[in-house]
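The values are calculated or read from the model by the stated rules, or taken from the named source; none is laboratory data. Nothing here was measured: the structure is a model prediction, and the numbers come from that model. Neighbour counts run over all protein chains shown; Cβ positions are idealised from the backbone, glycine included. The protein model used for the area step is the full one, side chains on, heavy atoms only, and it has no ligands, DNA or RNA in it. Shrake-Rupley method; radii C 1.70, N 1.55, O 1.52, S 1.80 Å.
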Amino acid sequence: MKILHVNNVANVPAGLVEGLRKIGVDAALYQPYTGINTRGKLGKLKVISNRIADTRALGEKIKRERFDIVHIHYAYFGMLGILGGYPYWLHCHGTDIRRNLYHPLFKTATSMSLNRAEQVFYSTPDLKVHAEKARQDAIFLPNPVRTELFEPKGFNGTANKILLISRIDKVKGIDVAFRALERVKKNNPALEIDAFMWGPDLDRFKDCGFVNFIPTTAHEEIASIIPSYRVIVGQFELGIMGMSEMEAMACARPVVSHFEYQDWYAEAPPLALAKTEDEIVERVEELIENPELCEELGFTGREWVIKYHDYIAVAERLARLYETWS
């Protein structure tokens, strides 16, 4: 069985491909052209030309290398399969259906992509209601965490710093996070608070003064950064865990976040649950004052991720689904 994953969204496809290879499946990853127009009409024409050329190249690759299954990520990218004339599986990740399924510009392409897919997956519990509007047979596939890469290392229990790991984006609840972290900093002046310099709302916060913004880096390098923090702060708006939160848990660091879907698992994830500004402040300060609690929550979090999101186990589940179709 030969599998091609298309479009590396949030490193989920990369993790799936790596897991599939580990269990003996011939899997590859293709990154399509995703450039945007920043130079007026000529730039727009160039983007369109590049996308057409890339769509043709992808179709030729699929035909030449005879892939049994093409697994496309991000909903409206299913148009690649429609335009290329080949069957495809479609994987939804968030905004691609949470917003685009209802967006005046994207809803037609998104609905068409979902309807024509051989199989549809969604990656977080909140997407179920959206995916099933178009496909009642849509399947939840847990995000794969590379637990051999994201592992406990380098933390000596004394670091007086925390990391806001969420993208700087209002959809992640970034406003309440920053209000809470400002209070935490005032209460704990020696505490260092870091955040990655990424996200559409970065300009609103980059000069706030109480957060140190650090450059974004390669995914593999983040695995060596996370363990140096005492506490990781996640997202608070959607009530889900993204890859960043679960990768932090895999590094055995305690995560403060909002999660509403405990009943999706046989065991609820061991998070420091918080949603409101007061709750975030309380959870963060409780953890920075209690190293033993940090370690306890951190290591139970890693055990939970290994049990429910390890990339090998997720790949094995996906491979079984591939086998039933092929």
Item to complete: For segment 197-233, enumerate the residues that are over 23 Å from His258 (Cα atoms) and of a type in the set (D, E, K, R).
Response: Asp203, Lys206, Asp207, Glu220, Glu221
Fill in: Elements of type helices (runs of 4 or more DSSP H) in segment 68-143, at least 1 residues being more than 18 Å from Met243 (Cβ to Cβ) and open to solvent by 20 Å² or more (accessible area, probe 1.4 Å)
79-84, 107-116, 128-134
Item to complete: Select from segment 162-209 the residues that are open to solvent by 50 Å² or more (accessible area, probe 1.4 Å) and of a type in the set (Lys, Arg) and write down the one among them that is nearest to Phe299 (Cα to Cα).
Response: Arg167
Discussion item. Six or more apart or on different chains, Cβ atoms under 7 Å: show the pairs whose first residue is in segment 226-253 and over 15 Å from Glu303 (Cβ atoms) and basic (Lys, Arg) and whose second is open to solvent by less than 10 Å² (accessible area, probe 1.4 Å) and not in a helix (DSSP H, G or I).
Written reply: Arg230/Ile162
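Within segment 269-305, can you find the residues that are closer than 25 Å to Glu18 by Cβ and buried (at least 16 other Cβ atoms within 10 Å of the Cβ)?
Applying the first criterion (closer than 25 Å to Glu18 by Cβ) to segment 269-305 yields 269, 298-299, 301-305.
Pro269, Gly298, Phe299, Gly301, Arg302, Trp304, Val305, listed by residue number.
Residue-by-condition table, conditions (1) modelled with pLDDT under 95; (2) of a type in the set (Val, Ile, Thr):
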| residue | (1), (2) |
| --- | --- |
| Asp201 | no, no |
| Lys206 | yes, no |
| Val211 | no, yes |
| Ile240 | no, yes |
| Met249 | no, no |
| Val256 | no, yes |
Practice prompt. Would you check if there is a residue in segment 233-251 being out of contact with any His (no Cβ under 9 Å at 6 or more places or on another chain), farther than 21 Å from Leu141 by Cα and not small (Gly, Ala, Ser)?
Written response: yes
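Out of Arg21, Arg56, which single residue is surrounded by fewer than 19 Cβ atoms within 10 Å (Cβ to Cβ) and either more than 21 Å from Ala109 (Cα to Cα) or modelled with pLDDT of 95 or more (or both)? Give the derivation first.
Values: Arg56 fails: either more than 21 Å from Ala109 (Cα to Cα) or modelled with pLDDT of 95 or more (or both).
After ruling out the rest, the residue left standing is Arg21.
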Discussion item. I need the full set of residues from segment 210-226 which are open to solvent by 50 Å² or more (accessible area, probe 1.4 Å) and under 24 Å from Asp175 (Cβ atoms), in order please.
Written reply: Asn212, Pro215, Thr216
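A quick yes/no check of all residues on (1) without any contact (Cβ under 8 Å) to a residue 60 or more places away in the chain; (2) more than 24 Å from Leu16 (Cα to Cα):
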site: Thr110; (1), (2): yes, no
site: Thr124; (1), (2): no, no
site: Pro144; (1), (2): no, no
site: Leu163; (1), (2): no, yes
